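FYI, it's all coordinate maths here, none of it is from the lab. Note that the structure is a prediction, hence the values are computed from the model and not measured. Here Cβ is always computed from backbone atoms with ideal geometry, including for glycine, and neighbour counts include all displayed protein chains.
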Amino acid sequence: MHTLFSAVAEVFLEFAEVLVDESRVKYRARACGAEMPDGKWQGWLEFVPLDDAPAIRSGRETTQPNRTDLLYWATGLTPVYLDGALQRALSPATVGPVTRDEPIFEGPGADHPSGRHSGPQHRAVLDPFSVYDKGEALLRRRLTALSPWHLINIIEAYRLSDKSPAWLNRLPGPALIETIVSAVMRECSTRSEGFASAARR
């Protein structure tokens, strides 16, 4: 006989920053999480409006091996990341009553079309090298709008780190972005030096 798994969602952090969408609606973000049937923990973000607008939530932002690591992930989120997550979450979402002591939703919204990170995947949502050719600032802006699993997919697809997916999955979004940008800059510099050396021969 199978036991029905029922996870209890928690609010891990509520952020002080006030986020504003294109319609000038103001929100405060909360990092929420819940245990999954396999024992891992999933995290998502809820955006609680400061007026009567509906609350919204992101899709799954991260999967961590335990509750402690999920809390660590939440503490690393920056205002820039939260703003990007709000933009991603502005698609239709289930509305629920606003409470302060427990999450509004029992889990994250639907995963994004490219899928969540659940192991090695070799499809990336963007080519960091082609974007970097147009400028480092543009690359950083594009990466900021992506979820951590998208960033990890880019790192794996272009072999930008020798760290394991499990290790990468512990990093907050800003650290993953730095990993990508640093590796791309390093490789582009190496390529340029190689071309210059070949031209001198």
Given 129-135, 40-46, the highest-first ranking by average Cβ count within 10 Å works out to 40-46, 129-135
Nearest-0.05 FRET efficiency for Ser182 and Val80 at R0 = 22 Å, using Cβ-Cβ distance, is 0.80
Listed with the fewest Cβ neighbours within 10 Å leading, Glu61, Glu22 appear as Glu22, Glu61
On the formula 1/(1 + (r/R0)^6), with r taken between the Cβ atoms of Ser164 and Thr68 and R0 of 25 Å, the FRET efficiency rounded to 0.05 is 0.85
The lysines whose Cα lies under 21 Å from the Cα of Lys163, excluding any fewer than 8 residues away in the same chain, are Lys40
Quick calc, Ser130 & Arg24: beta-carbon distance into FRET formula, R0 41 Å, rounding 0.05, result 0.75
